[in-house]
1. Apply the Karplus parameterisation 6.51 cos²θ - 1.76 cosθ + 1.60, with θ equal to phi minus 60°, to every residue of region 37-43 and state each ³J(HN,Hα) to the nearest whole Hz, in sequence, with x for glycine and proline.
2. Would you mind checking the radius of gyration and Dmax of region 82-123 based on alpha-carbon positions, in Å?
3. Once the piece of chain linking residue 568 and residue 269 is laid out straight, how much longer is it, given 0.36 nm per residue of separation minus the C-alpha distance between them?
4. Find me the longest stretch of the chain that has none of the exposed trypsin sites (Lys or Arg not before Pro), where exposed means in a DSSP loop (not H, G, I, E or B) with at most 14 other Cβ atoms within 10 Å.
5. How many percent of the alpha carbon pairs in region 337-466 exceed a separation of 24 Å?
6. Of 9, 146, how do they rank once you tally other Cβ atoms within 10 Å and put the fewest first?
7. Pull up all non-local amide H partners of residue 206: gap of 5 or more, or a different chain, and H-to-H distance under 5 Å with H placed in the peptide plane.
8. Express the C-alpha Rg of region 215-265 as a ratio against the empirical globular expectation 2.2 N^0.38 Å, rounded to two decimals.
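The numbers here are math on the coordinates, done by the rules we state, and not lab data. Just so we're clear, the structure is a prediction, and the values are computed from it rather than from any experiment. In this analysis, Cβ positions are derived from the backbone assuming ideal geometry, glycine residues included, and neighbour counts consider all displayed protein chains.
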Amino acid sequence: MAEGYPDPYIPASESPAEATVKSVAAGIAFGILFGAANAYLGLRAGLTISTSIPVAVMTVALFRALRAVGVKSTILEANLSQTVGSASSSVASGVIFTLPALFLWGFDTNVVQITLLAMSGGLLGVLFMIPLRSYLIVKEHPNLPYPEGTACAEVLKASETGGAKARNVFLGLGIGALAKGLTGWLKLVPDELVLKIPFIRKAQVGSDVSAALFGVGYILGPRVAAIMVGGGLLSWLVIIPVIAYWGGGRVEPLYPELTLPIADMSPGLIWTRYVRYIGAGAVAMGGLITLVRSIPTMIESFRIGAKQLRERIGEGESGTVLRTQADLSLRTVGLGAIAIFAVLAAVPQAFSTIEMPIGRTLAALLVVIFAFFFVTVSSRIVGLVGVTSNPTSGMTIATLLGTASVFLLLGWTDASGKVAALTVGAVVAIAASIAGDTSQDLKTGYLLGATPRRQQLGELAGVLTSAAFVALTVLLLAHAYGFGGEELPAPQATLMKLVIDGVLSQSLPWTLVGIGAVLAIVAELFRIPSLPFAVGVYLPVSTMVPVFLGGSLRWLLQRRARNEEDAIARRDRGILLGSGLVGGEGLIGVVIAGAAGYAVSSGRSPWSVGYEWAGAAAEWLALALFVGIIYVFWKLTVPRHA
């Protein structure tokens, strides 16, 4: 292999088992679990996590257990399992960032529409990534590290220690499920702690008692967690009191509130009526700033991608290729894209509010154009900064602005136009999200010596098998909790709704949105990343505090490490444990939603014990539970000899 390019772990001359029933089935099962968990997390906190490494670790643990009873496995089987499994999380991310806005508008969607949109976006994302693999993954290997993909390859290569690594994931699943069961199902203790700040009007802070959010904070790290909680503290300790002091003497409601004067509003109501619009403006501006910064990369990526595609078409696909260089054919890519375009244009359930065939055709054309562009962009960006930092929100906002502007010119400004614009954005968001995941998985496969064609088929299988489960999860959560409330605020989808309303209805409180945009710009001037800061402004501070505590614990544990090797080990153990916490809480959250939905459909109230028995000590019990979670996390992350 040339200098700077690695030899694959499994050489092309060998052909070990790879796409087996066992590897595909394991990937589908783990994908469903983490897809549901990521859907719940995204609707609650407005962010999701990359699940490639947790799925890889759990696959290795499962295969080691099977090996003990005589069922042998290969590293390429484990890789294919994580390839299939990780696809579901990307599908979930694109869906929950957009489609819950349909419920916020009061539009009654269904599992067929959500599944169709999820499949369309996921399949386009995988297909459009295929022609780019040989350039972005192989030729650009020295320049594009694809951090999650490289890390996942190392985890799989170190599979001899996979049992110990997987222990933390499974323990995290149990701890997260137990904590959520106590606070959300049995409700033996409160799920939130609140502290009113004296001497400052309507100022308060709080913390969700959430193992998942604590785990997310550890995964994100101290800097991002601190920036996010800083935005939350600005909202609840500065902006809300300023609004309370300024509006305390007003006897009339202040738009957009129509009934209550500010003096009669609680801090939570002020946040709902005013601060969320400020936060939405900040998030939108932060996403656009991130997008604008990426424009040079976007243009270059698109130019190179188009050139690479032309070269492959010109060269043809004849001749023998090595196993490790075999992609799905360009014919498959072209026919697949055409088929998806035809389905979106022909099937009324896709853009259900567009009755005219010409309107559905236009919407489908916008989907294909935006998806092709942003898949190319997303694939390159995640190679530099990773999946977590992929500006999918900014790409989606840009798609919505472009689509809504086209619809505005055509006069489609009613409810049907809004829904159509949103569904276009949803498919593109899913495509961009799955393209980033596919890129990381193909990098893992490149380092391990996997067969690209089989991985690409695995991604397609992951999309097809997870889309319906993600759709069912979203519908289940919507019917059990509703979106836009305390339990599931659906922040990203609310933002997308505001963007479309702003273009088509022009009824937003633009002063509040403008204040938020200015806050994001000021943050950038002080070299503070505007997007995580804006998310902190936009979400309740109680959501940000456990994230901050998780990031702070990671900083403390790594600072107290004996050496760099120990610090890396603590980081990795904590990230796997945190991923387990997210999976456990998310899974139980979906189970609770199912139980609640069944109870309501039967004419009964959801069952719970309640914490009234504890009286004034209830919040102390919640605090003790949260401290216990942190303590157990500490002990599991730091080895006994440290």
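1. 5, 5, 4, 4, 4, x, 6
2. Taking only Cα atoms of region 82-123, I get Rg and Dmax of 11.3, 37 Å.
3. Net length gain for the segment: 103.3 nm.
4. Numbers: sites that count: 72, 201, 250, 527, 560, 562, 604, 640.
My reading of the result: 251-526 is the longest stretch.
5. Values: 2917 of 8385 pairs.
The proportion of pairs with Cα distances above 24 Å equals 35 percent.
6. On the way: 9 16, 146 28.
Final ranking by Cβ density, sparse to dense: 9, 146.
7. Result for residue 206 returns 195, 542.
8. Details: Rg = 16.1 Å, N = 51, 2.2 N^0.38 = 9.8 Å.
So the Cα radius of gyration is 1.64 times the expected 2.2 N^0.38 Å.
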